[in-house]
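Throughout, read-outs are computed from the coordinates displayed, never taken from laboratory work. Only a predicted model underlies this, so the values are computations on that prediction, with no experimental measurement involved. No Cβ is skipped: glycine too gets one built from the backbone with ideal geometry, and neighbour counts run over all protein chains shown.
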Amino acid sequence: MLEQMGRPGVEELPVEEGREGMRLLGTLAEAEPRQLAVIRDLACPGPAGEIPLRFYDTKESRAPSPCVVFIHGGGFTIGDLEVYHSLCTEISHQLDLPVVSVDYRLAPEHPFPAAPDDCEAAARWIASSPAELGRQFTGLVITGDSAGGNLTIVTANELCARPAEVPVIVQAPIYPVADDVREHQSLKDFFEGFFLTGAAMAWFTDNYGGDPNDPRHTPMAGDCSGAPPTVLCTAGLDPLRDSGRSYAAHLIRQGTEVCYLEFPGIIHGFTTLRKAIPSGQKDLDSFLAAIRLMLERHAN
């Protein structure tokens, strides 16, 4: 579809056009949002001012429960609350849990470490069960896709190293960037023609900046031994596939409980392309079912 539209790659466009293109694609290719009892915009304090958030819940009120912290993708450069709105409603609906989506600062205006700084600040604020949310939380489930998968791992590592008011009980990165992807076979195999291209990845990396040897930039550059129970999925036709595989294998070797799902025959970004790629809904269902299973094992 994108080839027929003849739209330039995101790396060929001004940043704002790339962001608008991602929003437009969502209106064409993403499933409709679920209707929930609570959908509300709010903000929390951050290191450089307020961080916009969106709060979702299937219930107007609830007993103490875990809360899902959602961190969106988009190469640290594009993506926002609107692009991921439908996905967040789906997560809340299927897990029957509150979800808070974090609108962290984007590169290149705000390069590394703005994104991890904001995500950590937001997660710590959510963990404190602030009055603005009207809930008592027993733990956090941190999840996000692609760049948000990277930030999921980084945020979980920071909250495990320096605990927040409630623990991270599950981390659930979706096709994450976890290490240096340049030597992975999946990057070579799917460099062109599979939605996320090698050229776009290089552009995102240049925009984000930072030191690839910093664990808050590249999680596997540091010690991941304190990782919480993990649910991780990859897409079979994704240049990032082998990064997710490597991270899952690393956690398993160190003794972390991991549920790893690789969905064959599907591309990067499928969780927000469910109208265009209907099989992505079934894959998302499986991923969320695995999170429910891990929560049953570790929430109490």
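Things to note:
- Of the residues HIS268, VAL166, ALA199, the one whose Cα sits farthest toward the positive end of the charge dipole of region 2-298, with +1 on the Cβ of Lys and Arg and -1 on the Cβ of Asp and Glu, is VAL166.
- Value at 222 nm in deg cm²/dmol, rounded to 500, when DSSP H runs of n ≥ 4 in the chain each add -39,500 (n - 2.57): -11500 deg cm²/dmol
- Coordinate range of the alpha-carbon atoms in region 134-250 per principal axis, descending: 46, 29, 27 Å.
- Membrane-span-like helices in the chain (whole DSSP H runs, Cα extent of at least 18 Å along the helix axis, mean Kyte-Doolittle hydropathy of at least 0.5): 147-161.
- For region 35-45, putting each phi into the Karplus relation 6.51 cos²θ - 1.76 cosθ + 1.60 with θ = phi - 60° gives couplings of 8, 10, 5, 10, 9, 8, 8, 7, 8, 10, x Hz, in residue order, rounded to whole numbers and with x for Gly and Pro.
- For region 143-300, a crude dipole built from +1 on the beta carbon of Lys and Arg and -1 on the beta carbon of Asp and Glu, taken about the Cα centre, is about 400 debye to the nearest 20.
- Farthest towards the positive end of the charge dipole of region 2-298, among the residues GLY210, GLY74, LEU251, is the Cα of LEU251, using unit charges on the Cβ of Lys, Arg, Asp and Glu.
- Dipole check for region 46-200: with +1 at the C-beta of Lys and Arg, -1 at the C-beta of Asp and Glu, and the Cα centre as origin, the magnitude is about 340 Debye.
- Of interest is the spacing of the C-alpha centroids, which for region 101-141 and region 194-218 amounts to 21 Å.
- Amide hydrogen neighbours beyond the local backbone of GLU262, cut-off 5 Å, H modeled: THR234
- Amide H within-cut-off set for ALA43, under 5 Å, with H built and near neighbours excluded: LEU53
- Contact order relative to length of the chain, as percent, for alpha carbon pairs under 8 angstrom and 6 or more apart: 18 percent
- Residues considered: GLY144, GLY280, GLY265. Largest GNM mean-square fluctuation over the chain, using C-alpha springs under 10 Å, is found at GLY265.
- Between the C-alpha center of region 241-300 and that of region 1-69 there is a gap of 20 Å.
- Exposure rule at most 11 other beta-carbon atoms within 10 Å, DSSP loop GluC sites (Glu not before Pro): the chain longest free segment: 193-300
- Within the shell defined by Cβ-Cβ distances under 10 Å, the residues around GLY79 carry a net charge of -2, with Lys and Arg each +1 and Asp and Glu each -1.
- Relative contact order %, region 48-170, counting alpha carbon pairs below 8 Å whose residues are six or more apart: 34 percent
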